Amino acid sequence: MGYMKYFTIAIFLYSGFISAFTLNYSNEAHFKTNEVVIDVSGNDCTTAGYNSASELLDAAFEAANEFWNRVPTCALSLVKGSVRSDVDVSTDSLSVAIGKANPNTILIGCSNNASTFTAGILGVANINSSNQNQAAVLINNVDTSFANLDAREKLAVLAHEMGHGLGIGHSGDNAALMFASVGGKVQERLSMDDYNACSYLHPHDSPGSCSSIAIVPSDNDKGNNKWILSFLFGLLLMISFFSIKRDRDI
């Protein structure tokens, strides 16, 4: 029974690392390119706390660099686009705003749509699940809920909504950027769950085919040595467990 206890504890500890990320759609809608542009609409954003569209663009790109562009296992690259002075999303629903985005672009803007922003909602975002090359982020410009956040919280909200624009849903990990609420924590970085979501949707390409890899005998020897070391390590763990049980029985 003692060994079953150790096994149960090991399974419990391992379960803490099981991924909890979700996706927006069952068809795994996401950009089919690894380079995605961030554009900003040209309409007013003062209620949300930005004096100009250019200020919002700078903030959005800073959020992208602080979070999504730092994932070493994810091939995604969010790049700074421009202010689209010809685009106004101030009264748009999210679906309408998505349709105004250029191909392979996340369009970010402030909206006064009271039907969209109710009960303290800070932002909304999504990707076009059909063509999968347009997305939009709308920031609450109805009231000062967003404007009242501190600078770091604003970056986290922008990055969170960009995550939805990339096709990522909410996470069950309360330490994740993609957790449903920003309250009660300071989001300094992504969690492993956020890493996994980004890497799942935008994996790095293989550096080469198997046919291009030369067979080197010494590598096989190293593989055998690794197998032996793994066996010895496992044996050492078993001996340790036996020792713990014996000491406790005594």
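Is any residue of segment 132-171 close enough, with backbone N under 16 Å, to a label point placed 7 angstrom from the Cα of Glu62 along the Cα-Cβ axis, and if so, which? The answer is 147-160, whose backbone nitrogens lie closer than 16 Å to the label point. Across segment 129-150, the residues whose backbone nitrogen lies under 19 Å from the label position 7 Å along the beta-carbon direction of Thr33 are 129-137. In this structure the amide hydrogen of Arg84, modeled in the peptide plane, comes within under 5 Å of the amide hydrogens of Val40, Ser41, Gly42, none closer than 5 places in sequence on its chain.
3J(HN,Hα) along segment 38-53: 9, 10, 10, 6, x, 7, 5, 9, 5, 5, 7, x, 10, 6, 7, 5 Hz, from the Karplus curve 6.51 cos²θ - 1.76 cosθ + 1.60 with θ = phi - 60°, whole Hz, x for Gly and Pro.
Tell me, what is the FRET efficiency for Ser115 and Ser77 to the nearest 0.05, using R0 = 35 angstrom and their Cβ-Cβ distance as r? Don't skip to the answer; put the middle values down first.
On the way: r = 34 Å, r/R0 = 0.98.
Here the calculated transfer efficiency is 0.55.
Taken along the Cα-to-beta-carbon direction at a fixed 7 Å, the label points for Thr46 and Val96 span 2.2 nm. For the set Ser95, Ser85, solvent exposure ranked by accessible area (probe 1.4 Å, protein chains only) runs largest to smallest as Ser85, Ser95.
The values are calculated or read from the model by the stated rules, or taken from the named source; none is laboratory data. All values derive from a computational prediction rather than experimental measurement. Please note: Cβ atoms are built from the backbone with ideal geometry, for glycine as well, and neighbour counts cover all protein chains shown. Just the protein is used for accessible areas: all its heavy atoms, side chains included, with ligands, DNA and RNA removed. Shrake-Rupley method; radii C 1.70, N 1.55, O 1.52, S 1.80 Å.
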